[in-house]
Amino acid sequence: MKKNRSTKFIICSLLLGSFLANSQSINLDMDASKAITKIQPTMFGLFFEDINFAADGGLYAEMIKNRSFEFDKPLMGWEQPNTKRSSLNKESGSATPIEIAANNTNFCRVEINNATGYALINEGFRGMGVKKDAKYNLSLKASNQEGNIKKIIIQLIDKDQKIIGETVIAPTSKEWKTYTSQFTATQTEAKAKLKITFEGTGTIDLDMISLFPEDTWKNRKNGLRKDLVQLLYDIKPGFLRFPGGCIVEGRTLADRYQWKKSVGNVEDRKTMMNRWNVEFGHKQTPDYFQSFGLGFYEYFQLSEDIGATPLPILSCGMACQYNTGQLAPLEELDPYVQDALDLIEFANGSEDTAWGKLRSDMGHPKPFGLQYIGVGNEQWGPDYIDRYKVFEKAIKAKYPNIIIVSGSGPSPDGEHFDYAMQELKKLDAELIDEHYYKSPQWFRENAARYDKYDRKGPKIFAGEYAAQSVSGANPNNRNNWECAFSEAAFMTGLERNADVVNLTSYAPLMAHEDAWQWTPDMIWFNNLQAYGSANYYVQKLFSTNKGTDLLAISKNGEPLTGQNNLYASAVKDVNTKEIIIKLINTSSVAQDVSINFKGTKLITDGTIITLTSPDLKDENTFADPKKISPKETKFKSEKEKVKLKLAAYSVNVLKLKMK
Ligand code: AHR
């Protein structure tokens, strides 16, 4: 597709398309007599990583950035408009971070010299999204040290400093005490800030200043952003992989993700840098930290809420090989292995076990039913295989039924991939994670990738993939229509090979409009809104129509993997008694297709769900979030034959009831 293609040209090509379509119909054969394999319930899932402000500033609905003054610069995110470093601030006041040496954390000491002049303002995560008439829950810890401070006045202000919500707390105690208050916002504002002022003068210590909307997913107190979880829920994902991604590995081993530090009392979870903060020179986000308010307990709970099998991935003692590649020596791997064993106990252990008890104390006495665990993220080379062996031995010895996910590196081909595949096969690995961030063309050309995979070898987890419109991790990549339908074409190959490919997920999942590091992403959000990209709708169409059993669909006895720019896969759903066919037309012209059914009788009324857009560069946006979204129409079949005209550049899901 050429740049700036004119509308006139599009109309001409569509007309030409219909003409061509009428002149040559493509015949497909659909065999419903034999179920080739079961479609795993896990087939289409989600990959969650705290990248692009997906957790803090995104899914985790906390609105205060750096709520406990633990960022490397402890006052980052906080402004004091009337305070000067070079002054005694007699007409205002000043805030100073104080370190508690015992546990290496901070609180904030505020000296108020003149209450009318002093203010402490939190900027939120690129502002705070506030909705008119919505309720907000504020909490903070305070220790009123000295002086006569009578009130802490907390206000939401809009971009013009107008007050759009307010509450007051009386800090009565010199001892640390938690104060809470609820108030209602009077105006909708995407870039609100939280302003704290005082009545009286003196010294007061503050910590854990927190603000959440009351309206969260399942109304959980201090929970997750409802609109974002809803988008995940709507996909009906088979699994939820967490917490990444490279965040699992860390830039160094010290900053790897350690799940034990993400559970228990939220206040005690120590804030840490997010490894994506300054990863890319072109997209620096030095204010990106992890509060772990969304930690492993919450990930398990989220998985349960959205009906997804939890799939945690853990560090295997190797820091990101794109960064330091730091290694834990093999003889010092025990703590890493123990983390994996303890995680299984945390998820599945009874209340009599130490970690099972913690889960229960946190509010979930019933086990989470963990079945999978990932060893390492995207590691490569002999060092990985050496470490994988140690984990495998220990996990299988204690938990023989847990399925271990191993990694094949960052690429779906090349030296590292070939080596990993060869070694993991020798080790009888159960489930290998493959990653592909490739061009749309690669996705179209690789729809047959798994057709020749060894049926007796390891199962495949297509754990991270997304078509890159420019190149891998390029900030100019777009979630455009060409990428989305090319992924759909490729996904027919995943589905056709459901006997080998058991889990698949697009990556990354989410990105904040003003704070992302990586594009493309499946879901885009700002502080008030969220929308699914065209790629989201492709995922949703596959996931919500995954059926139960794979069927064969072919052209001249061969699977449709790009002949005539067409791709197809078919399943039946024994529960709904439906045959579901995915047909992707990647051609710029409409195409006539006729499908002959064998092995079943059909009810003549069918449904076709179509996702299409005329231009390869079309995208969903905040202004037009459903520009590319599924449209459902009815059609009639003639006995056991269906004739269809597939729109140019279209993803189609046909649903037919079996008699
Ligand atoms: O999805 C973004 C990153 O891509 C993941 O963190 C990593 O696993 C891959 O390189």
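Structure above, values below:
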read-out	value
Value of Rg to Rh for the chain (Rh from inverse mean 1/r over Cα pairs, i.e. Kirkwood)	1.02
Spatially proximal aspartates and glutamates relative to K617 (Cα-Cα < 20 Å; intrachain offsets below 8 disregarded)	E445, E482, E487, E513, D521
Region 119-270, relative contact order [Cα under 8 Å, separation at least 6], %	27 percent
Additional length obtainable on full extension of the chain from I153 to Y233, 0.36 nm per residue less Cα span	25.0 nm
Mean separation of Cα contacts under 8 Å, 6 or more apart, over the residue count of region 318-387: relative contact order %	28 percent
DSSP-assigned coil residues among GluC sites (Glu not before Pro) in region 149-191, each with at most 16 further Cβ atoms within 10 Å	E175
Extended-chain gain in nm, criterion 0.36 nm per residue less alpha-carbon gap, E146 and D133	1.0 nm
Modelled FRET efficiency - R0 22 Å, E79 with F280, Cβ distances, 0.05 increments	0.25
Förster radius 30 Å - calculated FRET efficiency between N114 and K261, Cβ distance, rounded to 0.05	0.15
Flagged links, alpha-carbon separation over 23 Å, of K65/K141; K174/K357; K555/K655	K174/K357
Loop-resident sites, region 178-279, for trypsin sites (Lys or Arg not before Pro), counting at most 12 other Cβ within 10 Å (DSSP)	K221
Descending principal axes extents, region 306-427, alpha-carbon based, whole Å	46, 33, 27
Values of log10 I(q)/I(0), in the order q = 0.30 Å⁻¹, for region 130-187 under a Debye, Cα-only, solvent-free model	-1.17
Mean Cα-pair separation over length for region 308-456, i.e. relative contact order, pairs under 8 Å, 6 or more apart, %	21 percent
Heavy-atom accessible area per residue - region 397-482, 1.4 Å, Å²	44 Å²
Rounded percent of accessible protein surface that carbon and sulfur make up, region 538-659, 1.4 Å probe	51 percent
Efficiency of FRET between Q182 and L330 - r from beta-carbon atoms, R0 41 angstrom, step 0.05	0.15
Cα Rg over Rh - region 461-540, Kirkwood	0.99
Å² of accessible area per residue within region 188-314, as computed with a 1.4 Å probe and no ligands counted	31 Å²
Per residue solvent-accessible surface (Å²) - region 499-633, probe of 1.4 Å	31 Å²
Near-label residues of region 42-83 by backbone N, under 13 Å of a point 7 Å along Cα→Cβ of H364	none
Region 557-659 shape via C-alpha gyration tensor axes, a/c threshold 1.5	prolate
Region 181-289 shape via C-alpha gyration tensor axes, a/c threshold 1.5	oblate
Potential extension, D499-Q563 segment - 0.36 nm per residue separation minus Cα distance	20.7 nm
Accessible surface of region 403-531 [probe 1.4 Å, protein heavy atoms]: carbon and sulfur percent	45 percent
Estimated inter-spin distance, K634 and K34, nm [label 7 Å along Cα→Cβ]	3.6 nm
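The values are calculated or read from the model by the stated rules, or taken from the named source; none is laboratory data. Because the structure is predicted, anything quoted here is derived from the model rather than measured. Note: ideal-geometry Cβ built from the backbone for every residue, glycine included; neighbour counts use all protein chains shown. To get the accessible areas, we keep the full protein, side chains included, count just its heavy atoms, and leave off ligands, DNA and RNA. Shrake-Rupley method; radii C 1.70, N 1.55, O 1.52, S 1.80 Å.
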